[in-house]
Amino acid sequence: MMENERFGVIRDSMKNNQLLQKAEFGRIKRRCYTLPGPNFTYGQSSFVKEGGVATAIGHWDVVDEKSKVRHRKLQPNFIALNRESVKSGLVTAAEHQTFRNTHQIWCPLHEGHGPRPSLTFPPDMTFGICTRPSTPIYDLLENKYQYVWIQQQREASEALKLKSQEKIKKERVQDTRTTILRRYQPPEDPAPLWQLPRFQKVGPHLDTFPNQAARQKAFSAQHSDGIAHRGLRGQGVYNIS
């Protein structure tokens, strides 16, 4: 048998690992590295010295009011420069550029920018959006939303129908007495009723007209005006719709 069942050459690093992996007497085999001493610092050291906890508790960092002022860079007022150059009699681009290089007119710093008003909020004010109330489970089980939607659709269709009817009624031309007379077709005279021969030549007992001409004139006016009246004889109220 072979004394060594391994193939290849055993390196020094492998020998060191074998020595580390040997279990000590009465202890389990170590499978971790030894930790450094108590003075070892883990991580990266910070070079910023802010004073520590005592400094943070003892005072507050107050920002100076002067440091809040934002220094704006002065900008040339090209409109004023062009106006002054034209007043001086300069018209070409080179002359305008020379005038700008030799003259300076700056824009005002706080033009149109005033102090912002401070906003005050009540102490019991809540910021954000209110939470939507939960949907009742009974409405979902009873299909209440479906019924409400169907009812809304019916009401909308009824309103549209009434609106269309009102529109048609407004667009229709109302009949007058003249239009009714134009469409009127005079009926044929019916056959006279049968009478006994002895009553055919009997005159009326009461005559309210002064003469026969007035009688015919009144009957003619009643007959011509009876077209627009209700009733079989045209003696009712006016038939205008």
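Top to bottom by accessible area (1.4 Å), largest first, where do 209, 121 land?
On the way: 209 60, 121 115 Å².
The ranking, largest first, comes out as 121, 209.
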Response to the item:
Accessible-area order for 57, 150, largest to smallest, probe 1.4 angstrom, reads 57, 150
Worksheet item: In square angstrom, rounded to the nearest 10, how much accessible surface does residue 34 have for a 1.4 Å probe?
Response: 110
Item to complete: Starting at the first residue of segment 120-132, write each ³J(HN,Hα) from the Karplus equation 6.51 cos²θ - 1.76 cosθ + 1.60 with θ = phi - 60°, in whole Hz, x for Gly and Pro.
Response: 10, 10, x, x, 9, 7, 10, 8, x, 9, 5, 6, 5
Discussion item. I need the phi-derived Karplus couplings for segment 178-185: 6.51 cos²θ - 1.76 cosθ + 1.60, θ = phi - 60°, integer Hz, Gly and Pro marked x.
Written reply: 5, 5, 5, 5, 6, 8, 6, 10
Worksheet item: Can you list the residues, at least 5 places off or on another chain, whose amide H is less than 5 Å from the amide H of residue 229, using H built in the peptide plane?
Response: 239
Worksheet item: What residues qualify as long-range amide H neighbours of residue 105, i.e. H under 5 Å apart, gap of 5 or more or another chain, H built at 1.01 Å from N?
Response: 77
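Order 207, 139, 189, 175 by their accessible area, 1.4 angstrom probe, all chains in place, largest first.
Numbers: 207 90, 139 30, 189 145, 175 50 Å².
From most exposed to least exposed: 189, 207, 175, 139.
The values are calculated or read from the model by the stated rules, or taken from the named source; none is laboratory data. This one's a predicted model, so the numbers in the text were calculated from it and none came from an experiment. The accessibility values were calculated without ligands, DNA or RNA, using every heavy atom of the protein model including side chains. Shrake-Rupley method; radii C 1.70, N 1.55, O 1.52, S 1.80 Å.
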